[in-house]
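What follows is a single structure, written as structure tokens, with notes after it.
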Amino acid sequence: MITRRTALAGLIASGLAHPAQAAVPLNSHFIALLGRGDAAYDAAIAALQRHVQAGEGTGLIHGLILTLRYPAWRDRPILNLLSLITGDDHPDWFHWMLWQEARPAITAHDGYRDLKRHIFYGFDPRFADFINDDHLDMSRIRFEEVTWGGVKTDGIPGLTHPKMIPAAKADFMVGSDAVLGVSVNGDTRAYPLRILAWHEMLNDTIGGVPVALPYCTLCNSGILFETDIGLDAPVAFGTSGLLYRSNKLMWDSATRSLWNQFTGEPVIGPLADSGLRLTPHPVVVEPWVRWLARNPDSTVLSLDTGFIRNYGSGHFYDRYIRSDDLIFPARADESVIAKKDIVFGIRTFGGAKAWPLTAFEGGRVLNDSVGALNVVLIGDRLGDTVRAYDRGSLDFASKDGALHASGTAWQVTEAALIAPDGTRLPRIAGRTSYWFAWNNYEGAGSELFREG
């Protein structure tokens, strides 16, 4: 979802021909800031300055921040206006978006919807499926914080019932390649991130269960959701091209509602007030060599996806993964850990908790609880791998390379912990992600594990 500023300018130029012209006089000034003409730009700045002098500056803030991302050539006059209105000074659109996120009480001017749609429809007319008036009237998130990710709807093409091959035939895999491993009703599969990162969405049936596997490269999180939500048929999901706080918004094939891919909740559109939350299944990130040792009968996503991409190891988002910075703005509480530290999080009825992956340095077994649920977490910082299970009243420990509780060795499987007498303790769904993602979308009422 990365794009160059020059590409943005070109799309803006084409978007200016869109018939959704300014709905209110203010919008004509904002639109002029997106063009290339000196005279029109200067006249718009002067007009907006007069609104500030008339005491109307607060109503301009969101429009100015929006246009700040896309001007073809001159940022400074817009930055000066924002500083004049707010008394704050920030260097660019990214930091002003963080400022805006922290101030939800400040509302946009009456024509903001039309202005933003005028711009976004220029990027892709299909955005009208998601951000029309009817859909925005049913929204649980601020439209001001919805951003364009740099691609059109399904510009990052998802995979539908892709070809899987036996692990023994996956000779293209390198031992260090990270995979998303899943197992549903005994159907055990591995999805290499080096492939999935190019598609970010997968719709399939695993173990007889219709599922979607969205992978947000920005959040560094893949989550397996059931897609039977009680409609006539299971829904399929796609990538909308829109983001919210550096998190992809996916869309469903039945209602064109936008969904938060991290929480599995609809946030804009007909389903936004439905109370739905997609049911997650356990998923693990693990180096291929370890996954294969545990699951030699697993199938693997084939390179034969129907698309031509560079699926080689380490070719996609490598720079972003190695960086401490985000591409798109999102706030996070960094008082304890950094925004791109990796955590493993669980949400259950009655509670939510996240564990920094540093807690699993060298391989570790943790006995803990989430709400009323007692869990045991088996993890390894090397590979960012964590599995969680319902431990009941037992306390587990690692001994001689095996998992023990009450003097008994337990088998660790993708579905459950299994004792010699057949007792099973079920796997609990969780997900790894960057801290900023968990903190933004699951942070309310969530705990963060701390040593001691």
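Out of (1) touching a Cys at 6+ places or on another chain (Cβ under 9 Å); (2) modelled with pLDDT under 95, what's the single condition that is false for A197?
Result: A197 passes all but (1).
Going through segment 104-128 one residue at a time, which ones are in a helix (DSSP H, G or I) and either among the aliphatic types (A, V, I, L, M) or open to solvent by 60 Å² or more (accessible area, probe 1.4 Å) (or both)?
R113, L115, I119, P125, R126, A128
Go over the candidates V343, V300 one by one and state the one that is outside any loop (DSSP other than H, G, I, E, B), more than 25 Å from L98 (Cα to Cα) and among the aliphatic types (A, V, I, L, M).
That would be V300, the only listed residue that is outside any loop (DSSP other than H, G, I, E, B), more than 25 Å from L98 (Cα to Cα) and among the aliphatic types (A, V, I, L, M).
For segment 142-224, which fully contained strands (runs of 3 or more DSSP E) count at least 3 residues that are surrounded by fewer than 19 Cβ atoms within 10 Å (Cβ to Cβ) and more than 15 Å from the chain's Cα centre (by Cα)?
Qualifying strands (runs of 3 or more DSSP E): 164-166.
Pick from segment 356-369 the residues that are in contact (Cβ under 8 Å) with a residue 40 or more places away in the chain and farther than 21 Å from H404 by Cβ: which of them is surrounded by the most Cβ atoms within 10 Å (Cβ to Cβ)?
L357
Can you tell me which residue in segment 72-100 is surrounded by the fewest Cβ atoms within 10 Å (Cβ to Cβ), limited to those that are of a type outside the set (F, W, Y) and in contact (Cβ under 8 Å) with a residue 60 or more places away in the chain?
H95
In the list D341, D384, D333, D380, which residue meets the criterion of being at pLDDT below 95, in contact with a helix residue (DSSP H, G or I) (Cβ under 7 Å, 6 or more places away or on another chain) and open to solvent by 40 Å² or more (accessible area, probe 1.4 Å)?
D333
Considering only residues that are over 34 Å from the mean Cα position of the chain (by Cα) and open to solvent by less than 30 Å² (accessible area, probe 1.4 Å), which ones fall in segment 411-452?
A419
Go through segment 303-328 and give me each residue that's in contact (Cβ under 8 Å) with a residue 24 or more places away in the chain, part of a loop (DSSP other than H, G, I, E, B) and open to solvent by less than 40 Å² (accessible area, probe 1.4 Å).
Residues satisfying the conditions are T305, Y311, G312, Y317, L326, F328.
The values are calculated or read from the model by the stated rules, or taken from the named source; none is laboratory data. None of the values given here were measured: they were computed from a predicted structure. Neighbour counts are summed over all protein chains in view; Cβ atoms, including those assigned to glycine, are modelled from backbone coordinates with ideal geometry. These area figures cover heavy atoms from the full protein model, side chains too; ligands, DNA and RNA do not enter into them. Shrake-Rupley method; radii C 1.70, N 1.55, O 1.52, S 1.80 Å.
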